[in-house]
Amino acid sequence: MSIEIKDLTKVYGDTVALDHVFLTFGGDQIYGLLGNNGAGKTTLLSIIADRQSATEGTVSVDGEPVRNNDSALSRVFMVGEQNLFPDSMKVRKGFDTAQLFYPGFDRAYAEAAAQKFGLNTKKKITSLSTGYASIFRLILGLSVNTPYVIFDEPVLGLDAQHRDMFYRMLMERYGAHPATVVLSTHLIAEVAGLIGHTVIIRAGRIIKDAPTETLTAEAYSVSGPAGKVDEYLVGKNVLSVSTLGGLKTASVQGQPEGGLPDGLELSPLNLQDYFISLMEEEDNQ
């Protein structure tokens, strides 16, 4: 059972936001959807949730097309940046509405989460600050219990404490109620430990789609005196280089081979470093 995206293209005038995208989200995994601003992340997720239409291609959920299909869409919940509730609606009524459309919605959990975050359920949704509006939407996503949950920039406006609370609660809920989760975020370092599978999109095209450990194992970092690093890099596929004084650090595609010259240090790349190095490599092509 999965979300299947086939040959998906979205064009706005002269701009190609998505360019023949093929993807699968499934298997009760947590996916990270990563990309720079304007890469097409929100457009892709909005089409999956049927908030936008595609120019070409199809999206199906468990074999059913999502376009204008309540049955398929009832299995997908998207937490985005927009408030889709009426201006007069209060938080508590928002929970009622979610419960009406998503029978698996855990109302008791939502109320407890609101109390934990300090969200006043008697307030109008439109009167919430940016941070608490995000918290309201996050609570919906944590409580809805659909097979597929999408979080698009979920921690917008949240302070460090509330972001940490959300990540911990997400993993607790995922452990208790496994689902396929898609996290789209710029805060790569904060979510790297949560993501089992990483999808990287650039200029509307998928350039990486693999288990996170596989991606980060594809490259490593070497650092030390600039001259020695330069000698070491000869003949290697260099992703990026940074220099500070007489020291140099380089990200290298592949696995280290042979001995390491004295004075140099090797270290694995974390997901954020891998992403940055990959983007720099793409920029230089």
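What follows draws every value from the coordinates through simple rules; no lab data is involved. Keep in mind it's a predicted model, so treat the numbers as computed, not measured. Counting neighbours? That spans all protein chains shown, and the Cβs are built from the backbone with ideal geometry, glycine included.
Could you give the distance between the Cα centres of the range 109-174 and the range 79-108, to the whole Å?
The distance from the Cα centre of the range 109-174 to that of the range 79-108 comes to 12 Å.
Which of rounded, prolate or oblate describes the range 116-220 when judged by the alpha-carbon gyration tensor and an a/c cut-off of 1.5?
prolate
Taking amide hydrogens as modeled 1.01 Å from N in the peptide plane, which residues meet the under 5 Å criterion relative to SER2, leaving out close sequence neighbours?
For SER2, the qualifying residues are ASP62, GLY63.
Please give the FRET efficiency for GLU257 paired with GLN29, using the beta carbon to beta carbon distance and R0 = 41 Å, rounded to the nearest 0.05.
In this case the efficiency is close to 0.80.
I want the local charge near ASP62. Using Cβ-Cβ distances under 10 Å, sum +1 for each Lys or Arg and -1 for each Asp or Glu among the other residues.
Values: positive: ARG75; negative: GLU4, GLU64.
Surrounding charge for ASP62 is -1.
Any chance you could count the Lys pairs in the chain whose alpha carbons are under 23 Å apart, treating pairs 8 or more apart or on different chains as valid?
So the count of such lysine pairs works out to 18.
Around GLY204, under 12 Å between beta carbons, what's the net of Lys plus Arg minus Asp minus Glu among the other residues?
Taking every other residue near GLY204 into account, the sum is +3.
Efficiency by 1/(1 + (r/R0)^6): what FRET value for THR121 and SER71, r their Cβ-Cβ distance, R0 = 30 Å, to the nearest 0.05?
Numbers: r = 30 Å, r/R0 = 1.01.
Approximately 0.50, to the nearest 0.05.
Compute the angle between helix 160-176 and the longest alpha-carbon principal axis of the chain, please, reported from 0 to 90 degrees and rounded to the nearest 10.
The angle comes out at about 80 degrees.
As an exercise, use a Förster radius of 22 Å and the Cβ-Cβ distance of ALA108 and ARG168 to find the FRET efficiency, rounded to the nearest 0.05.
0.70
Could you give P(r) for the chain, binned at 5 Å from zero, as whole percent values over all Cα-Cα pairs?
1, 5, 11, 14, 16, 14, 12, 9, 7, 5, 3, 2, 1, 0
Using a 10 Å Cβ count of at most 15 others and DSSP loop calls, identify the longest part of the chain lacking such trypsin sites (Lys or Arg not before Pro).
Longest gap between qualifying sites, sites excluded: 124-235.
Tell me the relative contact order for the chain as a rounded percent, counting alpha carbon contacts under 8 Å between residues six or more apart.
19
As I understand it, the value is the acute angle between the Cα axis of helix 91-101 and the longest principal axis of the Cα atoms of the chain; what does it come to in degrees, rounded to 10?
Helix 91-101 and the main axis of the chain meet at about 90 degrees.
Counting only residues 5 or more places away or on other chains, whose amide H sits under 5 Å from the amide H of LEU18 once H atoms are built in the peptide plane?
Hits under the 5 Å cutoff: LYS10.
Please give the net charge around GLN255, taking every other residue with its beta carbon less than 14 angstrom from that of GLN255, where Lys and Arg add +1 and Asp and Glu add -1. Show your work: numbers first, answer last.
Numbers: positive: LYS236; negative: GLU213, GLU218, GLU257.
My count for the surroundings of GLN255 gives -2.
Using helices alone, what [θ] at 222 nm do you get for the chain, with -39,500 (n - 2.57) per DSSP H run of 4 or more residues, divided over all residues and rounded to the nearest 500?
Values: 10 runs with 95 residues, N = 285.
My calculation for the chain gives -9500 deg cm²/dmol from helical runs alone.
Classify the range 1-111 as rounded, prolate or oblate from the Cα gyration tensor: take a ≥ b ≥ c as the square roots of its eigenvalues, call it rounded if a/c is under 1.5, otherwise prolate when a/b beats b/c and oblate if not.
Prolate.
Could you check the simple spin-label distance between ALA217 and LYS6, using points 7 Å along Cα→Cβ, in nm with one decimal?
3.2
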